[in-house]
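Reading through the structure tokens given below for one structure.
The values are calculated or read from the model by the stated rules, or taken from the named source; none is laboratory data. Quantities reported herein were computed from a predicted structural model and do not represent experimental measurements. Here the Cβ positions follow ideal geometry from the backbone for every residue, glycine too, while neighbour counts run over all protein chains shown. Calculation scope for accessible area: heavy atoms of the full protein, side chains included, ligands and nucleic acids excluded. Shrake-Rupley method; radii C 1.70, N 1.55, O 1.52, S 1.80 Å.
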Amino acid sequence: MRIPQPVLIFLLFGVYGFFRIAASQAQPLTSSIRLNQIGYYPNAPKVAIVVGDASGDFQITTPDLKKVVFRGTLSPARTNAISGKTARTADFSALKTAGTFVIQIPGLGQSYPFEIKKDVHRAVAAGSLKGFYYQRVSTELPARFAGQWARPAGHGKEDTQVLVHPSAVSPGRPAGTVLSSPRGWYDAGDYNKYIVNSGITMGTLLSLYEDFPAFCQTLKTDIPESENRLPDILDESLWNLRWMLTMQDPADGGVYHKLTNARFDGMVMPDKATKERYVVQKSVTAALDFAAVMAQASRIFKPFNRELPGLADSCLTAAKRAWQWAKQHPDALYRQSVMNEKFDPDVSTGEYGDRDASDEWIWAASELYVTTQDDAYYSAVNLFPDEKTPLPSWAQVRLLGYYTLARFEKSLTAAGKKDFPQLKQRLTGFANELLLDVDKQAYQTVMGKSAQDYIWGSSAVAANQGIALIQAYRLTSDKIYLRAALTNLDYLLGRNATGYCFVTGFGDKPVMNPHHRPSVADGIEAPVPGLLSGGPNGNAPKQDKCEGYTATSADEMFIDASCSYASNEIAINWNAPLVYLAGALEALQAKQ
Ligand code: G3I
Ligand code: 9MR
């Protein structure tokens, strides 16, 4: 066959071009290619964002550059509405081959390597759950489980000799009464333990178990309890659940708002943080969050009665008593400044204060109703007090109640069934709002459509948006929601305006200097792994006054410095939705 000359020339140049790139020297690593630094599922969308001026073509090659596996063209430029910067999309969704690759952009450079494979986020899911192990109070972390981050127990003595603060006295417990309240997880970069924040954290982890029990059975974190019959996620949760149970006053069912020092510790290891600790004022938000968690735990631990005799019943009793206490003290909101005017010593640690407990009522009522099937809980609250569907956060737990009602659709009583269509409409309507205009965004992620997303703990905004989308998927089986949820996991793992992977120990540009006392004080270069940094926060410079912020837009207002507690602390209520999001996407990967 005679090949026409133009075709021959085209073929020769094409082949030449192919080898020219494949054989070229490694291009410089560029941080302008923002991608999920862990990787992508073979059958799911695959997007990287290229910031700056590059345009034209891109290639995906093996890391040694020997083989080009995909060629594509960058999208037209989009302007980032928050920063005004330019970004283009490199979409290589059509590449479904498993392997390790890099993105090459002529003239710009090459990306970090990433993987395409099944189970690509399993390590992140397991690693972020393991992060909770490192936060455990009252126990040594031996090298067998903690590797180089092994450390002595923290607060082993202090938390068995906790003082009743003058704000928390009750007839049987005058100020100074000594209580034992060990275990639990350290809240964050600090060493205090707060019921409100434990509430949403536990609710989120336990919900992953309820939503994806089979997957959770397979999620292994190599903790001391790994060999028992419970899945690791339940063993880990039990460490905190047992602490929470000690925070209830057996005399009246009220729950102390927190267990804390009067002031934050210095940047020392937990065993060197030996200040005396107090249980402080009972609050309605603590009681209701506690009731919700205990009601949920009671359902979950019921089938494990042989391993944990009586625990499920104790949890339910504790939940009901906390609910009763809340009914008797609906105005007991925790206001630290008000408390400090009345009592000494003043307490200046995390407040977790709230002005409005209506969402805590909804969550507690939903959990108690589902567990007991008693309509009295259901009718005690107005499930739809307004038109809003607010994203979950420590101060806003309404949706946790909705998620639980949706999860148990089949076993709702007539009252719950009647409202189900509206509940479903709320959840899918909210998810649809999250989907809106994602394609117009510079980063093509659900996270960051508004500068308002970049608050203290913005990483949890991204993760909780992801959970809301997963819930909509569970209600509709429409994979559009799954794919949108995945954009936010991509965001957390590097496809964002800072270029960081926000999970310690993961990715090529991970956070290295979180505001986390053990990571600062242990003398080890690598931070404790599996912890999610709070992430960009438009107000951070004013809030933590750490020096070094250079960003001019909220989506970049982040520094990987340990002084930056408003952008780079870690916290259990941010880690839990990461565990959920990564875990749920792993469990559902075949559906993408
Ligand atoms: O939500 C509003 C937003 O609507 C508004 O536009 C913006 C303007 O400033 O503020 C936003 O509220 C912020 C809120 O975080 C968002 O969740 C508050 O300003 C900010 O002060 C508040 O910060 C809280 C911080 O404690 C200080 O109290 C964080 O939520 C909370 O996660 C954090 O929790 C601390 C504990 O107190 C102590 N342990 C560590 C933990 C993590 O940093
Ligand atoms: O370490 C504290 C962190 O966990 C809190 O989130 C943060 C805000 O409440 O406060 C940190 O503690 C700082 C304190 O507020 C001010 N002095 C410096 C402390 C950090 O070194």
| Ignoring ligands, DNA and RNA, what accessible area per residue does the chain give at 1.4 Å, in Å²? | 38
| request: Answer with one residue from Trp185, Leu219, Ser167: the one whose Cα lies farthest towards the positive end of the charge dipole of the stretch 152-244, charges on Cβ with Lys, Arg +1 and Asp, Glu -1. | output: Ser167
| What ranking do 422-433, 512-523, 184-195 get when scored by the average of other Cβ atoms within 10 Å per residue, highest first? | 184-195, 512-523, 422-433
| query | For the modelled label position 7 Å from the Cα of Asp375 along Cα-to-Cβ, which residues of the stretch 401-445 have backbone nitrogen atoms closer than 13 Å? | reply | 413-419
| said: Under a Cβ-only charge scheme (Lys and Arg +1, Asp and Glu -1), can you give me the dipole magnitude of the chain about the Cα centre, in debye to the nearest 20? | reply: 1480
| query | Taking H as built 1.01 Å from N, whose amide H comes closer than 5 Å to the amide H of Glu569, not counting residues under 5 places away? | reply | His515, Gly534, Gly535
| By what distance, in whole Å, do the Cα atoms of the chain stretch along each of the three principal axes, largest value first? | 100, 56, 46
| query | Taking the highest mean first, how do the peptides 160-169, 126-135, 463-472 order by number of other beta carbon atoms within 10 angstrom per residue? | reply | 463-472, 126-135, 160-169
| message | On a straight-distance basis, which lysines could pair with Lys424 in a cross-link, Cα separation under 26 angstrom, same-chain partners fewer than 8 positions away excluded? | response | Lys388, Lys410, Lys449, Lys479, Lys591
| query | What ³J(HN,Hα) values, in whole Hz, does the Karplus curve 6.51 cos²θ - 1.76 cosθ + 1.60 give for the stretch 176-193 when θ = phi - 60°, with x put for Gly and Pro? | reply | x, 4, 9, 10, 10, 9, x, 6, x, 10, 4, 4, 6, x, 9, 10, 8, 10
| remark: On each of the three principal axes the extent of the alpha-carbon atoms of the stretch 380-454, given in whole Å and largest first, is 46, 24, 19
| note | With x for Gly and Pro, the residue-by-residue ³J(HN,Hα) of the stretch 539-550, computed from phi through the Karplus equation 6.51 cos²θ - 1.76 cosθ + 1.60 at θ = phi - 60° and given in whole Hz, is 9, 3, x, 6, 7, 10, 6, 5, 8, x, 5, 10
| field | Using θ = phi - 60° and Karplus 6.51 cos²θ - 1.76 cosθ + 1.60, couplings along the stretch 376-393 (whole Hz; Gly, Pro as x) | value | 4, 5, 5, 7, 6, 10, 9, 5, 10, x, 7, 7, 7, 10, x, 4, x, 7
| field | Amide H contacts of Gly39 (H built 1.01 Å from N, under 5 Å, at least 5 apart or other chain) | value | Glu115
| Which order, highest average first, do 91-101, 361-371 follow once you tally other Cβ atoms within 10 Å for each residue and take the mean per peptide? | 361-371, 91-101
| remark: Under the 7 Å Cα-to-Cβ spin-label approximation, Lys327 and Phe420 lie apart by a distance in nanometres of 2.7
| query | To one decimal place, what orientation-averaged projected area in nm² is obtained for the convex hull of the Cα set of the stretch 171-273? | reply | 8.4
